[in-house]
Every structure is written in structure tokens, then in C-alpha cells.
Amino acid sequence: VTGLAFSDAGLIGSSTYQYSVIAFNNSGQSLPSDPVSATTPAAPVGFSMDGVPDAAGYRVSNPGMTLHAAVRGTILYVSTWTPSGGGNDHFILVSDTLLSDATTPAHWDKAGFTAQPAGRPYLVAESENDYCAWVNAPGNSSRFRSTTDGQQMEGAINLLDAFGHMPETVYIAALAYQTANAGLLGAQAPTASGTPDNNVPAVEFLALPVSTIRDSLANGVYDFLDPSRAFRLETRGLNAAGLALAWPAVPGRTYRLWHSPDLSPDSWTVADTLTAPPGTAEIEILDADVPDESRAFYKIEALAP
């Protein structure tokens with residue numbers, strides 16, 4: 001590695017691994033460091049298919065159509081409104097890549113085009129009956145749609161089986177089309193980027209790095225939001241311009257950065273409020289006020305979606 005971070009993937013659950021570090025440059029290499037060990041958590045449990053979101057913390061888009069997403073192991077979970085009680089068919093599109101333009105005809109002869117490449121998986125449920133299915137998906141994919149208005153249609157798909165590799169980023173979109181052939185696009189998540197039309201270009205998909213929506217403990221909290229797992233506030237260097245700060249971030253989630261000169265309870269003030277842009281796995285900012293202070297303390301608050 002060239003930096004100070006290393007990520008080891010594909011490990012076995014409930015197993016202990018040991019690591020040592022050797023540093024080297026043109027003058028040679030150091031002795032190995034003392035080993036450190038880490039034990040992986042148990043293999044994640046499956047998702048529940050019952051018409052209710054598996055966790056409120058999995059919500060990645062709201063308003064627009066409510067959309068939930070999470071990853072445990074190689075399994076992606078998605079959910080959105082059930083079409084029961086309405087006049088629209090509902091779709092959740094899933095892909096490992098997107099086209100530069102919306103040129104793929106909408107599924108089921110609906111109006112418009114999408115940027116999802118042909119042959120990629122999607123979950124669909126009809127408004128006029130109880131039909132719900134994955135299309136272009138592995139046979140072990142699961143799905144469920146509630147027949148109660150206001151609940152969810154949801155599904156789980158093995159990303160490794162679906163794409164032949166574990167993607168670094170998944171692209172998802174929830175769409176509601178009028179039921180008839182050539183039905184118009186009436187609602188979507190994320191919301192339309194400009195004037196709403198029947199097309200779904202790449203900017204109207206959620207770009208979610210898999211690392212940002214992973215829940216390795218299956219407890220309803222993303223690793224990136226849990227200080228006991230992946231969440232860390234780091235300093236990236238201090239110079240005349242200020243102090244660089246960075247932390248893991250879930251796309252679309254809003255964070256509040258707090259600052260204090262001395263840790264006293266009444267000294268904390270909000271330094272900034274930022275929303276992680278699509279496709280990102282990190283927020284990095286520069287606090288330009290630091291050179292004028294003898295010391296500074298920070299904390300991050302992740303706001304509810």
C-alpha cells in the first residue's frame with residue numbers, strides 16, 4: 001500500500017486474522033511490526049421479506065418515492081412503496097454500471113428511456129394484482145410485495161451472482177409508471193434532476209458505493225455510521241491554509257461538523273453542515289480557522305435521513 005489505510009475483503013466470518021507492517025524506501029526495509037489481530041463478526045443474517053423496511057436507517061432517498069438499500073455480505077436489499085392501492089406499476093432498477101445517455105427503452109413498454117444497460121436486473125410489482133418478481137436476476141433472489149397501501153415492495157439479490165463480480169458501486173432507481181402500456185412515469189427516487197419527463201438518465205440513479213451501505217452486523221446501522229466499526233473522523237494534515245478533516249460518508253446523508261476550542265460543554269458551535277454527494281464514500285473539508293487557534297476539537301453528527 002502507498003497510504004496509511006488497508007482494507008482486507010473476502011474474509012471468513014467469526015475468524016481471527018493477524019497483520020504485520022513492513023516499511024521500506026530506497027535505504028532498505030524495516031523489521032516487521034508487532035502483529036495485531038482482528039476477529040471478523042459472524043456471517044450476516046438474511047433480510048426479512050415482510051413488506052416492512054428492514055431498518056429505518058436503510059432509507060437512502062426521501063422525498064420522492066421512499067427508497068431503502070443495504071448490503072450484507074454480497075446481498076443487496078432494496079425496497080420502495082408497494083403499488084397496492086394505486087394505479088401505477090412499481091420498479092426498482094439495479095445496475096453495476098450506467099450508460100452515458102438514457103437510451104434503453106423503459107421496461108414493460110412503459111414510456112421513455114433509462115440509462116440502465118439492457119439485461120441488468122430489476123424488481124417489479126403490478127398495481128392490478130399480486131404479481132411481484134425479479135427480472136434478469138439470479139434464481140436465488142428473494143422478493144415480497146405488501147398488499148397494504150403504504151407498505152413496501154422489497155427484494156434481495158446476490159450482487160456477485162447477478163454481475164459475475166462484486167461491484168464497488170451499485171446504481172439504483174425506484175420508478176412508478178402508469179399501469180397501461182406506454183404508461184407515463186409519475187414518480188421516482190431519487191427525484192428528477194430537472195423538468196420531470198419520462199426519461200431516467202444516469203444523474204437520476206442513486207450511485208451508492210457498496211462500502212457506504214454495508215451493514216456487516218445486520219443490526220440496521222451502516223458500518224459507515226457506526227463509530228465501533230468503520231466511522232472515524234481523521235485529520236489529514238495541518239498547514240498555513242488550515243486543518244484538513246475527513247470522515248466516511250453515506251451518499252445523500254447530511255452531516256453536521258461541531259467545533260470546540262477547549263471541550264467545555266458550552267463551547268461547541270456548528271462549523272459546517274454538509275451533504276455527501278452521489279457516488280462518494282468520504283467527505284473532506286478544510287477548517288481555515290485553525291491556524292489562529294492553539295488547539296481545536298471536533299465531532300460529527302449524522303442527521304436522520
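The values are calculated or read from the model by the stated rules, or taken from the named source; none is laboratory data. Since this is a predicted model, take the numbers as computed values, not measurements. Neighbour counts run over all protein chains shown; Cβ positions are idealised from the backbone, glycine included. To get the accessible areas, we keep the full protein, side chains included, count just its heavy atoms, and leave off ligands, DNA and RNA. Shrake-Rupley method; radii C 1.70, N 1.55, O 1.52, S 1.80 Å.
Key figures
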{"quantity": "Complete set of residues in region 169-184 that are under 13 Å from Asp109 (Cβ atoms) and touching a strand residue (DSSP E or B) at 6+ places or on another chain (Cβ under 7 Å)", "calculated": "Tyr177, Gln178, Thr179, Gly183, Leu184"}
{"quantity": "Per-region count, region 73-108, residues surrounded by fewer than 19 Cβ atoms within 10 Å (Cβ to Cβ), part of a loop (DSSP other than H, G, I, E, B) and either free of Cβ contacts under 8 Å to residues at least 24 places away in the same chain or not charged (D, E, K, R) (or both)", "calculated": "9"}
{"quantity": "Filtered residues of region 286-305 (kept if part of a strand (DSSP E or B), over 24 Å from Ser61 (Cβ atoms) and open to solvent by less than 70 Å² (accessible area, probe 1.4 Å))", "calculated": "Asp287, Phe297, Tyr298"}
{"quantity": "Matching entry among Ala111, Ala118, Ala137, Ala182 (being out of contact with any Gly (no Cβ under 6 Å at 6 or more places or on another chain), at positive phi and either open to solvent by 30 Å² or more (accessible area, probe 1.4 Å) or assigned to a loop (DSSP other than H, G, I, E, B) (or both))", "calculated": "Ala182"}
{"quantity": "Selection count where residues are among the polar types (S, T, N, Q), in contact (Cβ under 8 Å) with a residue 40 or more places away in the chain and surrounded by 16 or more Cβ atoms within 10 Å (Cβ to Cβ), scope region 215-272", "calculated": "1"}
{"quantity": "Lone unmet requirement of (1) touching a helix residue (DSSP H, G or I) at 6+ places or on another chain (Cβ under 7 Å); (2) part of a helix (DSSP H, G or I) for Leu160", "calculated": "(1)"}
{"quantity": "Tabulated pairs, region 49-71, first closer than 21 Å to Thr275 by Cβ and small (Gly, Ala, Ser), second part of a loop (DSSP other than H, G, I, E, B) and open to solvent by 50 Å² or more (accessible area, probe 1.4 Å), C-beta under 6 angstrom, 6+ apart or interchain", "calculated": "Gly57/Val221; Gly64/Thr191"}
{"quantity": "Number of the condition not met by Asp223 [criteria: (1) in contact with a helix residue (DSSP H, G or I) (Cβ under 9 Å, 6 or more places away or on another chain); (2) at pLDDT 95 or above]", "calculated": "(2)"}
{"quantity": "Single residue of Ser27, Ser48, Ser20 found to be at pLDDT below 90, of a type in the set (Ser, Thr, Tyr) and either surrounded by 10 or more Cβ atoms within 10 Å (Cβ to Cβ) or out of contact with any Gly (no Cβ under 6 Å at 6 or more places or on another chain) (or both)", "calculated": "Ser27"}
{"quantity": "Restricting region 56-72 to residues that are in contact with a helix residue (DSSP H, G or I) (Cβ under 9 Å, 6 or more places away or on another chain) and not in a strand (DSSP E or B), the residue that is surrounded by the most Cβ atoms within 10 Å (Cβ to Cβ)", "calculated": "Tyr58"}
